[in-house]
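A.B. asks: Got a structure here, written out as structure tokens. Questions coming.
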Amino acid sequence: MKRVIQSLIFGSCTALTVGCSATGKTDSFTFTADLPPSFAYVATVYYVPAEGQTCTVPTADNLSPQFNREWRTEYKPDAQINLRRTRNGCDLVLHRITLDINATYGKERGDFGGDSANVAVRETLLETSKGTFNAAGESEFSGQCQWLFRTSGKPRILRKILDCKNTDAQGVVTKGHPFAAYTLDQLPGKTVRLNIKLADEEEPYMGDTWVKVPNGWKHCMGDNFEDQDAFCFGNYTDFSTFKMADGRHCTIYPGCTENKEVTP
């Protein structure tokens, strides 16, 4: 018993340590993320029966663990994720991690946007499909998120949509959401990092609704102020005001300087 206590104190892996197997080997890895300010991720972890298993486990007995579920108030970038577990006598292995990338742009609860990223884990993969690790045992996959803006409602309140895309090793945006894949035997004791950059410029969510001007974008009027689509349709002289998340009424985004007073 004394040896077990000493092992726990000094960080050695024992059968009693979270993320360790009965053989004493680390059976977990660390997932973490480098995100822009006001960003956070929520990780949902899915397990399936290991290869060769003929058992099945009802969803109610195989609930998916979540990390950073309360991302607004209790966010932690590091998550320790187990690679295996047993439910109802069935040996399960990690299959995938779904990542919700959330970011806030205002103070109200609804002033946020979200998109996704994914990590796939398989018992075997083609070498060209597997993520790689450096000498320190770290692997990184990356993406770029961009704010897309539009207005909604009769007051034409400005809302933002988060759009996240995968990027290659050179930082060039590619198709799809940020994604990485690993085999089970790659991950014990390692660290997988998601690195997200924020695009320098925001863009309209829909084409032909805003017009580019020297210090930002102007919103086309459309048929009238209550026209929710408000497509320009060649009319690039009639523009509408809109309301920012902080209450300002503006005519240009993001260069709204004509009214710095916050309205009720």
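The values are calculated or read from the model by the stated rules, or taken from the named source; none is laboratory data. None of these values were measured; they are calculated from a predicted model. With ideal geometry, Cβ positions are generated from the backbone for all residues, glycine too; neighbour counts draw on all protein chains shown.
A.B. asks: Just the residues that are free of Cβ contacts under 8 Å to residues at least 24 places away in the same chain and either at positive phi or of a type in the set (S, T, N, Q) (or both), please, taken from the range 65-85.
C.D. replies: Thr73
A.B. asks: For a quick check of your reading of the model, give me the residue pairs whose first member lies in the range 125-150 and is closer than 30 Å to Glu202 by Cβ and not assigned by TED's automatic domain parsing to the domain that holds Leu162, whose second is surrounded by fewer than 18 Cβ atoms within 10 Å (Cβ to Cβ) and among the hydrophobic types (A, V, I, L, M, F, W, C), with beta-carbon atoms closer than 9 Å and at least 6 apart or on different chains.
C.D. replies: Once the first residue is closer than 30 Å to Glu202 by Cβ and not assigned by TED's automatic domain parsing to the domain that holds Leu162 and sits in the range 125-150, no partner that is surrounded by fewer than 18 Cβ atoms within 10 Å (Cβ to Cβ) and among the hydrophobic types (A, V, I, L, M, F, W, C) comes close enough.
A.B. asks: While we're on this one: Name the residue that is farthest from Ala120 (Cα to Cα), counting only residues in the range 167-211 that are among the polar types (S, T, N, Q) and touching a residue at least 40 places away in the same chain (Cβ under 8 Å).
C.D. replies: Step by step, filter the range 167-211, then rank; the result is Thr209.
A.B. asks: Another question, if that's okay. Would you point out which residue out of Asn102, Asn62, Asn88 is surrounded by 15 or more Cβ atoms within 10 Å (Cβ to Cβ) and free of Cβ contacts under 8 Å to residues at least 40 places away in the same chain?
C.D. replies: Unique residue meeting the criteria: Asn62.
A.B. asks: From the residues in the range 225-237 that are of a type in the set (Asp, Glu) and surrounded by 11 or more Cβ atoms within 10 Å (Cβ to Cβ), which one is modelled with the lowest pLDDT?
C.D. replies: Here the residue is Asp227.
A.B. asks: Moving on. Taking into account only those residues within the range 207-224 that are in a loop (DSSP other than H, G, I, E, B), surrounded by 13 or more Cβ atoms within 10 Å (Cβ to Cβ) and of a type outside the set (Val, Ile, Thr), which is modelled with the lowest pLDDT?
C.D. replies: Only one residue tops the list, namely Gly222.
A.B. asks: Within the range 56-70, does at least one residue satisfy the condition of being in contact with a Phe, Trp or Tyr (Cβ under 6 Å, 6 or more places away or on another chain), modelled with pLDDT of 95 or more and either of a type in the set (Ser, Thr, Tyr) or outside the structural domain of Gln144 (by TED's automatic domain parsing) (or both)?
C.D. replies: There is at least one residue in the range 56-70 that is in contact with a Phe, Trp or Tyr (Cβ under 6 Å, 6 or more places away or on another chain), modelled with pLDDT of 95 or more and either of a type in the set (Ser, Thr, Tyr) or outside the structural domain of Gln144 (by TED's automatic domain parsing) (or both).
A.B. asks: Being of a type in the set (Phe, Trp, Tyr), over 23 Å from Val48 (Cβ atoms) and in contact with a strand residue (DSSP E or B) (Cβ under 8 Å, 6 or more places away or on another chain) is the requirement here; does Phe149 meet it?
C.D. replies: Here the answer is yes, as Phe149 does meet what is asked.
A.B. asks: Are there any strands (runs of 3 or more DSSP E) wholly within the range 71-174 with 3 or more residues that are touching a Ser or Thr at 6+ places or on another chain (Cβ under 8 Å), and if so which?
C.D. replies: Once the strands (runs of 3 or more DSSP E) in the range 71-174 are filtered for at least 3 residues that are touching a Ser or Thr at 6+ places or on another chain (Cβ under 8 Å), what remains is 79-82, 90-104, 112-122, 138-152, 157-167.
A.B. asks: Could you pull out the residue among Leu94, Leu99 that is modelled with pLDDT of 95 or more, within 29 Å of Glu138 (Cβ to Cβ) and in contact with a helix residue (DSSP H, G or I) (Cβ under 8 Å, 6 or more places away or on another chain)?
C.D. replies: Answer to the check: Leu94.
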